[in-house]
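Before any comments, here is the structure.
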Amino acid sequence: MKLIIDNAIPFIKGEAEKLGETVYKRGADITATDVRDADVLIVRTRTRCDRALLEGSKVRLVVTATIGFDHIDTAWLAEAGIRWTNCPGCNAASVGQYVACCLLRLQQEKMLEVRNLTIGVVGMGHVGTEVVAAVERLGCRVLQCDPFRAEAGEEGFVELKTIAEQADVVTFHTPLTTDGPYPTHHLANADFFSACRAKQPLIINAARGGVVDEQALLAAIDHKHVRGAIIDTWEHEPQIDQRLLEKAIFATPHIAGYSADGKANGTRMSLQAVTDFFGLDIAFNILPPALPADYRYNPFEQPTCEQLRRYDPLVDSMALKKYPMLFEQLRGNYPLRRE
């Protein structure tokens, strides 16, 4: 078996070799020539998996070591008879940590009081569920929005308009879709932000860049329809909007799910998907590294709470705001972070 693998997938080298011949390459640089004689492609979001890449190849399985899969042309792969799979929930707890720590950092900066905030969580899949758990542990009240689950008859969900009118913080955790009954592309648009005027919530996007209309968000910030924004996922990454970068309270380079725990989960699930597809009995030993005894994420200060000592989003934001042209390098050389 031959596998072409994004060389930035963590903890995979030395384990994927148990499956066969491995070729590691930067995800954005993988070409049709590279995959022509491959059986398996293991990627992240920077590799567009479509006809242009895969037509005429031997590839039978595409695995993305991520939750999101909008970089995969699933319709064409189905036509071509190529199986694909993602890693649902692999870094969900990491995103929960990210959202909670952003709120704790704002509390430390005396910009808000976490306890008794009303948090509107949009998208209640694996990630949204973990985000709810994380903010409820901080004492927050939660409003949940998921039209698919509400339509299925589940109770406890509210409409997006209710969240716009009642939430102090709105955080998005949906996939990026452009069709179906509830498309999410520009879900947070000018109409949504207009409905936010009374409550002026903080907006968090740790879903996909296109879920939030960034130009509408900038207008909402300028007109004080929202109190500000925390942006982890951007439209047109890695060429991010410089004005939004400057105005965002925290701006991070698509790393909300980048804990070592989440990365290990995604890598383990990816390799397991290959063994499942080919009916192989191979065990993998993929564990995130332990933290040193003197570990702290923020080298500039000792935060007052344990959660921020373990992960402080201010550090990632300072780096991106200072070096926005290094968006990809900041992701590719991400420091050790444990949940």
Checklist (1) closer than 30 Å to LEU271 by Cα; (2) surrounded by fewer than 17 Cβ atoms within 10 Å (Cβ to Cβ); (3) among the hydroxyl-bearing types (Ser, Thr, Tyr) applied to TYR334, failing item
(2)
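So how many residues does the stretch 29-42 have that are in a helix (DSSP H, G or I) and exposed (fewer than 15 other Cβ atoms within 10 Å of the Cβ)? Can you show your working first?
Residues of the stretch 29-42 that are in a helix (DSSP H, G or I), as a first pass: 29, 32-35.
In the following step, the residues that additionally are exposed (fewer than 15 other Cβ atoms within 10 Å of the Cβ) were identified as 29, 32-33.
Number of matching residues: 3.
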The conditions are (1) open to solvent by 30 Å² or more (accessible area, probe 1.4 Å); (2) touching a Gly at 6+ places or on another chain (Cβ under 6 Å); (3) among the aliphatic types (A, V, I, L, M); (4) modelled with pLDDT of 95 or more, and ALA65 fails exactly one of them. Which is it?
(1)
I'd like to know if the stretch 167-179 contains one or more residues that are touching a strand residue (DSSP E or B) at 6+ places or on another chain (Cβ under 6 Å) and among the acidic types (Asp, Glu).
yes
Exception for ARG243 within (1) closer than 22 Å to GLY89 by Cα; (2) assigned to a helix (DSSP H, G or I); (3) open to solvent by 50 Å² or more (accessible area, probe 1.4 Å) falls at (1)
Checking ALA216 against (1) farther than 20 Å from ILE119 by Cα; (2) aliphatic (A, V, I, L, M); (3) assigned to a loop (DSSP other than H, G, I, E, B); (4) without any contact (Cβ under 8 Å) to a residue 60 or more places away in the chain: exactly one of these is not met. Which one?
(3)
Based on this model, can you work out whether THR304 counts as out of contact with any His (no Cβ under 9 Å at 6 or more places or on another chain) and open to solvent by 40 Å² or more (accessible area, probe 1.4 Å)?
yes
So for the stretch 91-105 (the condition being free of Cβ contacts under 8 Å to residues at least 40 places away in the same chain, closer than 28 Å to ARG337 by Cα, open to solvent by less than 10 Å² (accessible area, probe 1.4 Å) and not charged (D, E, K, R)), does at least one residue qualify?
yes
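Just checking, how many residues over the stretch 1-28 are of a type in the set (Val, Ile, Thr) and in a strand (DSSP E or B)?
Step one: list which residues in the stretch 1-28 are of a type in the set (Val, Ile, Thr), which gives 4-5, 9, 12, 22-23.
Filter once more, so that each one left must be in a strand (DSSP E or B): 4-5, 22-23.
Selection size over the stretch 1-28: 4.
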Filtering the stretch 68-85 down to residues that are open to solvent by less than 30 Å² (accessible area, probe 1.4 Å) and assigned to a loop (DSSP other than H, G, I, E, B), which residue is farthest from VAL121 (Cα to Cα)?
ILE82
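Within the stretch 174-197, can you find the residues that are of a type outside the set (Gly, Ala, Ser), open to solvent by less than 40 Å² (accessible area, probe 1.4 Å) and in contact with an Asp or Glu (Cβ under 9 Å, 6 or more places away or on another chain)?
Looking only at the stretch 174-197, we keep the residues that are of a type outside the set (Gly, Ala, Ser), and these are 174-179, 181-187, 189, 191-193, 196-197.
If we keep only those that are open to solvent by less than 40 Å² (accessible area, probe 1.4 Å) too, we end up with 174, 184, 192-193, 196.
Answer for the stretch 174-197, where residues must be of a type outside the set (Gly, Ala, Ser), open to solvent by less than 40 Å² (accessible area, probe 1.4 Å) and in contact with an Asp or Glu (Cβ under 9 Å, 6 or more places away or on another chain): THR174, PHE192, PHE193, CYS196.
Looking at GLN144, GLN200, which one is within 28 Å of ILE255 (Cβ to Cβ), open to solvent by 30 Å² or more (accessible area, probe 1.4 Å) and assigned to a strand (DSSP E or B)?
On the way: GLN200 fails: assigned to a strand (DSSP E or B).
None of the other options fit; the residue is GLN144.
The values are calculated or read from the model by the stated rules, or taken from the named source; none is laboratory data. This one's a predicted model, so the numbers in the text were calculated from it and none came from an experiment. Note that each Cβ is placed from the backbone with ideal geometry, even for glycine, and that neighbours are counted across all protein chains shown. Keep in mind that these areas ignore ligands, DNA and RNA; they rest on the heavy atoms of the full protein, side chains included. Shrake-Rupley method; radii C 1.70, N 1.55, O 1.52, S 1.80 Å.
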